[in-house]
Amino acid sequence: MSGSVKLWDPLVRIFHASLIVAFFGNYFFTEEGEAVHEWLGYYAGAFVLVRLFWGVRATGAAAWRDCWPTPARIVAHVSALLRRQPFHRLGHSPLGALVMLTMMALMASLAITGFMMEEIDYFWGEEWLEEFHELLANGLFGLVCLHVVAAILESVQLKENLPLSMITGKRRPLP
């Protein structure tokens, strides 16, 4: 990518790809209680923990200090959207960061509730926990769909392939 800047480090890109595989693998291709379903859930939960710690240590767009969705950042982003003006920034937009953090919280909650259902005898067979786990999965699926649509719409508005930047780790500099 000519005239590009390094944006996403390898850990963030591996994290993103890993959660895609784990979530879609469990949501569409495995059944609850199957060993592969459990292991994908543990893997996703562990990777969320790694990413949380990496956000503290990382620099640039991967650092929490760079993308944390503060009220001021969210207001500026929403104002730009309402005025139909592009909101240029490297890394996550404030609303994108809010969705990303919510997806991470849902993924962690899925790992925790899955662990509770399978590994803690007290909760084994509890219908409310199974229903809550399913509600979390469906909520995460809805946010994933929103995330994909928003990335496409933002790509069109900014005239840049944002999903490609998560694959290559690079993006063109800000105007």
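The values are calculated or read from the model by the stated rules, or taken from the named source; none is laboratory data. Note that this is a predicted model, so its numbers are computed, not measured. Backbone-built Cβ (ideal geometry, glycine too); neighbour counts: all protein chains shown.
Does A72 satisfy the condition of being surrounded by fewer than 19 Cβ atoms within 10 Å (Cβ to Cβ) and of a type in the set (G, A, S)? Judged against the criteria, A72 is a match.
If only residues of region 144-175 that are among the basic types (K, R) and not in a strand (DSSP E or B) are counted, the one that is modelled with the lowest pLDDT is R172.
The rows are residues; the columns are (1) out of contact with any helix residue (DSSP H, G or I) (no Cβ under 7 Å at 6 or more places or on another chain); (2) under 25 Å from P10 (Cβ atoms); (3) not β-branched (V, I, T).
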| residue | (1), (2), (3) |
| --- | --- |
| V99 | no, yes, no |
| T102 | no, yes, no |
| I120 | yes, no, no |
| F123 | no, no, yes |
| G142 | yes, no, yes |
| Q157 | yes, no, yes |
| S165 | yes, yes, yes |
| K170 | yes, yes, yes |
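Restricting I120, I167, I152, I74 to those that are under 21 Å from N26 (Cα atoms) and of a type in the set (V, I, T) reduces the list to I120. Contact map, region 62-77: residues that are in a helix (DSSP H, G or I) paired with residues that are of a type in the set (S, T, N, Q), Cβ distance under 8 Å, separation 6+ or inter-chain. Pairs shown: H77/S93. Cβ-Cβ contacts under 8 Å between residues 6 or more apart (or on different chains), taken from a first residue in region 138-160 that is within 11 Å of P86 (Cα to Cα) to a second residue that is surrounded by 16 or more Cβ atoms within 10 Å (Cβ to Cβ), are listed as E154/S93; E154/G96; E154/L162; S155/N161; S155/L162. Of the candidates S93, S109, S79, the single residue that is over 23 Å from G169 (Cβ atoms), under 18 Å from the mean Cα position of the chain (by Cα) and not hydrophobic (A, V, I, L, M, F, W, C) is S109. Of all the residues in region 4-42, those that are assigned to a helix (DSSP H, G or I), without any contact (Cβ under 8 Å) to a residue 60 or more places away in the chain and of a type in the set (S, T, Y) number 1. Checked across region 60-70, the condition of being of a type in the set (A, V, I, L, M, F, W, C) and over 17 Å from the mean Cα position of the chain (by Cα) holds for no residue.
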